[in-house]
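Report on the following structure.
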Amino acid sequence: MKQDLEQIIADVVKDLFAVDTHVELTRPEEQFGDYATNVALQLGQQVGKNPREIGETLATKLRVAVAEQVSDISIAGPGFLNLKLHDSVLASAAKSKPARSLEGKVIVAEYSDPNPFKVLHAGHLYTSIVGDAIANLLESAGGTVHRVNFGGDVGLHVGKTMWAIFHEAPGHTMSEEDAWGNIQDMKHDSLHSRARWMAARYTAGNDAYEDDAAAKQETVTLNKRVYQIHADNDQQSLFAQIYWTCREWSYEYFKSFYADIDIHEFERFYPESDTAPLGVKVVNEQLAKGVYEKSDGAIVFRGEPYGLHTRVFINSHGLPTYEAKDVGLSIKKWEDYSFDTSVIITGNDIVEYMKVVLKSIEQFAPELANRTKHLTHGQVKLQGGVKMSSRKGNVLLADDILEAANTAAKLLSGEASRTTSLAAVKYAFLKNRIGGDVIYEPEESVALEGNSGPYLQYAHARARSVLAKAVMSASELSDLQPDERSLLRKISEYPEVVEKAVGELMPHHICTYLYELAQVFNRFYEHNRVIDDPRQIVRLQLVALYADKLNSGLTLLGIVAPERM
């Protein structure tokens, strides 16, 4: 409906002034109408007339052209046009669904990206939640979305972990047989305890790498052995069995974690061991064509001509760096999906890194690079500030955030449910615009009053309880009273908000809208009886529309909308 009105206004402008223009209707404050446009101001210089005079001329013609949709058109200020819709048209807009603007489009959404042999930290929790919500938005717009994951099952961090597995006691090197025996002893431990054990091994291995020259050299050798396992497809040696077992423990832990936080399953997990060979092959091919160049025994991409910096893609030992692995990943995703868009969600610490990687790809696969969107976010900290550093072992874990929500909920109400705790964390993350740091405040996140997930869950349950008290009947939503119309007007904004969130890949627009919608409903409900009122039929329909929008919006955010609380 909004797009239809915009086109009609553009046609009228063309007819009156012989000018092609883009018309955008915005939502003004309610007292001014349902839509507003500044098209008259845009036309002022083009047609050499006073904008208010243009506005008057437009309004006269539009009152006829949009008479079926618009009940009143007024001019404000220097020439703003304010439009008030007929109640029936507003009701139709409130019942409409968001546009399927991505119908037929293929989108790859890559997010979470945990590394095997390391523990999941708060950043993984954040990007998993945000990535799932963005994928939901893309699917709601008709896109065919492939959720994928990427992680480092090879690389220096694995070498460090493997070193520490053989050096659990300071100054003592354990044989492969003894290390394998330790692994066997842990087979029946919980997924989380095994994950934390590996995280501790990584921290110990990293400390040794930084402080002990001999340990550093041993780690480099172990790193090469891990790559060789993949090259030889070695499944049998004790070293290989230790590696494969620990890798599988990581994957089991990841899958359990994703189920615990109630996000969609990933269609595919790309391990670096799969993308590295392709990345090496492509980098070497493009080396011969001048895209990359040799430098001190390594292969690099010179980013300075593009306002970027130089990065190493294959190191002096002949091993691929993260950069080459990302080249391989990009090409694998392209080969697997022939995507229209590839969305990658990571922390903002690799903004410049990704610019270099994508700029290098652009030199030989411009379509692939141009179809890739890199979204980044800041750090996640608990209230009071906790800086993450998995290398130093003082990392803020994903479990720490979830436990903080549970603890806050128990302090508030004496109990904590998985549904409300997850809603608290998810909404607290999603209500912030993606980009900056996120300070998680547990007590605020679980509150049943204020801008929180549990508050919106309660709002939905409250609306459903009202609907359960009476039988719905259909009637035309027209001749509405002021409070009824205000609620309907807010409900009608939902499709536009979703379309904006889809276009910008920003779920926080949904959060802001849902909170504002709940506030409008509360004002309505405070002053207007629904059950056993002469206007019960109309008002029940409004409550039903309101509940449906809450349910739809919360579902997009990955939050359960309960029938009762």
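Any read-out appearing in this document is the output of simple, stated calculations on the displayed coordinates, not a laboratory observation. Just so you know, these numbers come straight off a predicted model, no measurement behind them. So basically every Cβ, Gly included, is an ideal-geometry build from the backbone, and we count neighbours across all protein chains shown.
Determine the gain in length on full extension of the stretch ASP336-ALA470; use 0.36 nm per residue of separation and subtract their C-alpha separation, reporting nm with one decimal.
Once the chain is fully extended between ASP336 and ALA470, it gains 43.0 nm.
Please give, to one decimal in nm, the separation of the simple spin-label points placed at ASN528 and LYS410, each 7 Å out from Cα toward the Cβ.
Using points 7 Å along Cα→Cβ, the separation is 4.3 nm.
For helix 453-467, what angle does its Cα long axis make with the longest principal axis of the chain, in degrees from 0 to 90 and rounded to 10?
Between the helix axis and the principal axis of the chain, the angle is about 40 degrees.
Relative contact order for the chain using alpha-carbon pairs under 8 Å, separation at least 6, rounded to a whole percent?
It comes to 15 percent, rounded to a whole number.
Mind pulling the angle between the C-alpha long axis of helix 122-140 and the longest principal axis of the chain? Nearest 10 degrees, somewhere in 0 to 90.
In the chain, helix 122-140 runs at an angle near 50 degrees to the longest axis.
Quick check: the distance between the Cα centres of region 507-560 and region 299-342, to the nearest angstrom?
Distance between centres, Cα-based: 48 Å.
What residue among TYR253, LEU505, ALA65 has its Cα farthest toward the positive end of the dipole of the chain, where the charges are +1 on Lys, Arg and -1 on Asp, Glu, each on the Cβ?
Toward the positive end, the furthest listed residue is ALA65.
Could you name the lysines whose alpha carbon sits less than 22 Å from that of LYS2, not counting residues in the same chain fewer than 8 places away?
Hits, sequence-local ones excluded: LYS14, LYS61, LYS84, LYS95, LYS97, LYS490, LYS500, LYS549.
Specify whether the C-alpha gyration tensor of the chain places it in the rounded, prolate or oblate class, a ≥ b ≥ c being the square roots of the eigenvalues: rounded for a/c under 1.5, otherwise prolate if a/b is larger than b/c and oblate if not.
It is oblate, given that a/c is not under 1.5 and a/b is not larger than b/c.
May I ask for the distance between the Cα centers of region 85-145 and region 207-269, given as a whole number of Å?
What the calculation gives is 31 Å, centre to centre.
If R0 is 56 Å, what FRET efficiency do you get for GLU29 and ASN315 from their C-beta distance, rounded to 0.05?
It comes out at approximately 0.40.
In region 50-109, what GluC sites (Glu not before Pro) fall in a loop by DSSP, with at most 10 other Cβ atoms inside 10 Å?
Listed in order of number, the matching sites are GLU68, GLU103.
Run through region 457-565 and list the trypsin sites (Lys or Arg not before Pro) located in a DSSP loop whose Cβ has at most 11 other Cβ atoms within 10 Å.
LYS469, ARG529, ARG564
Which residues does the label zone of ASP72 cover in region 481-511, counting backbone N under 13 Å from a point 7 Å along Cα→Cβ?
Under cut-off, by backbone N: 482.
Taking the Cα centre of region 1-132 as origin and charging only Cβ (+1 Lys, Arg; -1 Asp, Glu), how large is the dipole, in debye to the nearest 20?
Charge dipole, region 1-132, about its Cα centre: 80 debye, nearest 20.
Of the options ASN528, ALA122, ALA133, report the single residue whose Cα projects farthest towards the positive end of the charge dipole of the chain (beta-carbon charges: Lys, Arg +1; Asp, Glu -1).
Projecting each Cα onto the dipole axis, the largest value belongs to ASN528.
Please compute the contact order of region 2-85 in relative form: average sequence separation of alpha-carbon pairs under 8 Å and at least six residues apart, divided by the residue count, as a percent.
The normalised contact order for region 2-85 reaches 29 percent.
Where nothing but the Cβ of Lys and Arg (+1) and of Asp and Glu (-1) is charged, how large is the charge dipole of the chain around its Cα centre, in debye to the nearest 20?
In debye, rounded to 20, the chain gives about 520.
Note down the relative contact order for region 1-155 as a percent, whole number, built from C-alpha pairs under 8 angstrom at least six residues apart.
Normalised by residue count, the contact order of region 1-155 is 18 percent.
Note the angle between two axes, namely the Cα long axis of helix 176-185 and the longest principal axis of the Cα atoms of the chain, as a number of degrees from 0 to 90, rounded to the nearest 10.
40
Which entries in LYS118/LYS381; LYS332/LYS373; LYS255/LYS426; LYS294/LYS355 show an alpha-carbon gap greater than 28 Å?
Beyond 28 Å: nothing from the list.
As I understand it, the dipole of the chain uses +1 on the Cβ of Lys and Arg and -1 on the Cβ of Asp and Glu, about the Cα centre. Which of GLN236, ALA169, SER486 lies farthest toward its positive end?
SER486
Pull up the DSSP beta bridges for the chain and report the antiparallel fraction as a percent, rounded to 5.
Counting DSSP beta bridges with both partners in the chain, the antiparallel share is about 45 percent.
Quick one: which residues, 5+ away or cross-chain, put their amide H under 5 Å from the amide H of LEU382? H built at 1.01 Å from N.
Those qualifying (amide H under 5 Å, at least 5 residues apart or on another chain) are TYR440.
How much length is gained on full extension from SER193 to ARG302, taking 0.36 nm per residue of separation minus their Cα-Cα distance?
34.9 nm
Can you compute the charge dipole magnitude of region 156-258 about its Cα centre, using +1 on each Lys and Arg Cβ and -1 on each Asp and Glu Cβ, nothing else charged? Give it in debye, rounded to the nearest 20.
360
Stretch THR555-THR60 to full length: gain in nm at 0.36 nm per residue minus the Cα-Cα span?
173.9 nm
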